[in-house]
Amino acid sequence: MDSIRELLAREQAGGEVTVRGWLRTARHAKKMSFLEVNDGSCLSGLQLVADSTCDGWEGVVRDLSTGCAIEAVGQLVDSPGQGQRYEVHAQRVELVGGVDDDYPLQKKRHSFEFLRTIAHLRSRTNTLGAVLRVRDEAARAIHDFFYQEGFIQLHAPVITLSDAEGAGEMFRVSSLDPADCPRTEAGTTDWSADFFGAPTYLTVSGQLEAEIAALSHRRVYTFGPTFRAENSNTSRHLAEFWMVEPEVAFCELNGLAALAEEFLKSVFGRVRDRCEEDLAFFNQRIDDQVLSTLSHVIEEPFGRITYAEAVQILQESGQEFDFPVEWGVDLQSEHERFLTEEYFGRPLIVTDYPRGIKAFYMYLNDDGRTVGAMDVLVPRIGEIIGGSQREHRLDVLRDRLAEQSLPEEHYWWYLDLRRYGSVPHAGFGLGFERLVQFMTGMTNIRDVIPFPRVPGNAGF
RNA sequence: UCCCCGGUAGCUCAGCUGGUAGAGCAGGCGGCUGUUAACCGCCUUGUCGUAGGUUCAAGUCCUACCCGGGGAGCCA
């Protein structure tokens, strides 16, 4: 049995083929029926043409409608009609699974909001089908890029003891019965009686574990689900999302920025090459900037400025911003978008942020006021990558922990890494769904992951 | 969490200054054509988000809540 993708890619027509899939439309005329079958292997469907000589004409073909699962055998021929190169003259059509007449997917366009309520069926639509293929290709491209660059993949734990960077609410993991859990003498929950003997949470980042592996295997990455219990209701946030986190030993900030740029160019190039049809669809139906934006990322060098330069550009821009800009405050969405969309018009790497607005583990620069942090900003999405050179000097790291009132005992093993063969190292995090959003032009992040988890909704 | 906008048929929406609900699509039946989100005719479908309130009368006005969308914050 061939996939429709393979059949449509054939050099020439001819021969008997078997097709299995789901009907997008069934157009019935008096003497013949046209059945458009899709099997998810590509955006295009395959047109089956059946007439009264077809086995199954009465009792099957004439009763088919949108959504039916079928299997058909016939001859692959050049299509005389417009809109497709080949079609199949069906000799036999079997109904594998019929549909009740309340099948919710129509031939007409649905809103993405409605499709989210039928997440079990929406992957059969053009747009979500294309998203799943692009997402798959991007994931493979990421693994292949790191493989070729000599990285090994680290499987970071999903259940962790403590917060990676003191940022973000975490989901608690517990096997205790909330209605009847053991209490301490003070009356609070006795977590020492819980499954792990301590409070545990779903991970918010694999970074700290990746640092461990980088300090033995030099170039490593993680690619897995991460979790944030933030009450974020936006088109760019999920409670469960997939994050890519490379970590490189013997590497400083410049090397990391170069890696980030090379990484994005490679992954985007691969998806452009292999998802041509899907990307053309997104460009036509979702956002007509998709293809030109991809080319920008692949072909043009990224802009590179320091935070201080960014502040100066913003202050001298003459733009009215809702939030004023001055050295020491974090850049707002509107600032990031102005820089990458209007001022540079291409992806942009901003480095060396004030120490006060960044995490404790970031490398303290010689000026004493900035850290070796790096954000990659892209048009329409804003920050897509955040990373930094890590603080590898034990004494400085201890000062930074104390500065942010973080208890050393929670980070005992993280500090150990600085005591035993510490080396300069750096890494970044990439939100995988935001990458897919950027590549497809989809405006809502809930539509680039098959089963989105957001506040108040974990259905399907 | 905050600010705006919205919730009317299975879907997408219309419904003016309050007067008792409608179009396209989907679905059913019939017709027709190498058709392309096919087309033509007929038919079916509603606690007008929920709960209160104002009024002779509420889809329409008021209040609260729920849900959805856009933006912001947090961030990836």
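The values are calculated or read from the model by the stated rules, or taken from the named source; none is laboratory data. Nothing here was measured: the structure is a model prediction, and the numbers come from that model. Methodologically, a virtual Cβ is constructed for each residue, glycine included, from the backbone with ideal geometry; neighbour enumeration extends over all protein chains shown. SASA here: full protein model, heavy atoms, side chains in, ligands and nucleic acids out. Shrake-Rupley method; radii C 1.70, N 1.55, O 1.52, S 1.80 Å.
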Problem set entry | A:Arg27 accessible area, assembled protein chains, probe 1.4 Å, Å² | 110
Exercise. Quick one: helix A:394-403 against the long Cα principal axis of chain A, what's the angle to the nearest 10°, folded into 0 to 90?
Worked result: 90
For this session: Normalising by the residue count of chain A, find the relative contact order in percent from Cα pairs under 8 Å and 6+ residues apart.
Result: 13
Problem set entry | Separation between Cα centres of the range A:110-162 and the range A:378-432, rounded to whole Å | 27
For this session: Provide the per-residue ³J(HN,Hα) series for the range A:62-79, in order, calculated from phi with Karplus coefficients 6.51, -1.76, 1.60 and θ = phi - 60°, each as a whole number of Hz, with x at glycine and proline positions.
Result: 5, 9, 6, 9, 3, x, 5, 8, 9, 10, 9, 10, x, 9, 7, 10, 5, 8
Problem set entry | Extreme residue, positive dipole direction of chain A, given options A:Val423, A:Ala214, A:Tyr411 (C-beta unit charges) | A:Ala214
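Got the relative contact order for the range A:1-65 handy, in percent, Cα pairs under 8 Å and 6 or more residues apart?
Rounded, it is 28 percent for the range A:1-65.
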Exercise. A:Lys358 accessible area, nearest 10 Å², 1.4 Å probe?
Worked result: 30
For this session: Rounded, prolate or oblate: pick one for the range A:390-430, where a ≥ b ≥ c are the square roots of the eigenvalues of its C-alpha gyration tensor, a/c under 1.5 means rounded, and failing that, prolate if a/b is larger than b/c, else oblate.
Result: oblate
Problem set entry | Only Lys, Arg (+1) and Asp, Glu (-1) charged, at Cβ; chain A dipole about Cα centre in debye | 1100
Exercise. Considering only DSSP beta bridges with both partners in chain A, what is the antiparallel share in %, to the nearest 5?
Worked result: 85
For this session: Taking H placed 1.01 Å from N in the peptide plane, check which residues at least 5 places from A:Trp242 or on another chain put their amide H under 5 Å from its amide H.
Result: A:Thr226, A:Phe432, A:Glu433
Problem set entry | Calculated from backbone phi, Karplus (6.51, -1.76, 1.60) coupling profile of the range A:208-225 in Hz, x at Gly/Pro | 5, 5, 5, 4, 4, 5, 4, 7, 9, 10, 6, 10, 9, 8, 10, 8, x, x
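Can you compute the helix-only [θ] at 222 nm over chain A? Use -39500 (n - 2.57) per DSSP H run of at least 4 residues, normalise by all residues, nearest 500 deg cm²/dmol.
-8500 deg cm²/dmol, from helical runs alone.
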For this session: Round to the nearest 10 and report in Å² the accessible area of A:Asp136, as given by a 1.4 Å probe over the protein chains' heavy atoms.
Result: 70
For this session: Would you mind checking the range A:36-59 for residues with the amide N under 13 Å from a putative spin-label position 7 Å along Cα→C-beta of A:Gln91?
Result: A:54-55
Exercise. Taking Cα pairs under 8 Å and at least six residues apart, what relative contact order does the range A:144-240 come out at, in percent?
Worked result: 38
Exercise. By how many nm would the segment from A:Glu334 to A:Ala29 lengthen if fully extended, with 0.36 nm per residue of separation less the alpha-carbon distance?
Worked result: 104.3 nm
Problem set entry | Principal-axis tilt of helix A:253-274 within chain A, Cα atoms, nearest 10 degrees | 0
Exercise. From the square roots a ≥ b ≥ c of the eigenvalues of the alpha-carbon gyration tensor of the range A:100-249, which class results: rounded (a/c under 1.5), prolate (a/b over b/c), or oblate?
Worked result: oblate
Exercise. Going highest first, how would you order A:74-80, A:344-350 by mean Cβ packing within 10 Å?
Worked result: A:344-350, A:74-80
Seminar exercise, completed: Taking Cα atoms only, helix A:290-299 is inclined relative to the longest principal axis of chain A by an angle, in degrees rounded to 10, of 50
Problem set entry | Whole-number accessible area per residue in Å² for chain A, which is evaluated in the context of all protein chains at 1.4 Å | 48
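Tell me, what is the FRET efficiency for A:Tyr147 and A:Thr189 to the nearest 0.05, using R0 = 41 angstrom and their Cβ-Cβ distance as r?
In this case the efficiency is close to 0.40.
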Seminar exercise, completed: The ³J(HN,Hα) series, computed from each phi in the range A:41-50 with the Karplus coefficients 6.51, -1.76 and 1.60 at θ = phi - 60°, rounded to the nearest Hz and given as x for glycine or proline, is 6, 7, 5, 5, x, 10, 8, 9, 10, 10
Seminar exercise, completed: Distance in Å, no decimals, from the C-alpha centre of the range A:41-85 to the one of the range A:167-198 is 59
Exercise. What residues have an amide H closer than 5 Å to that of A:Leu176, excluding those fewer than 5 places away on the same chain, when H is modeled at 1.01 Å from N in the peptide plane?
Worked result: A:Phe195
For this session: Collect residues whose amide H, placed 1.01 Å from N in the peptide plane, falls under 5 Å from the amide H of A:Glu230; neighbours closer than 5 in sequence don't count.
Result: A:Glu169
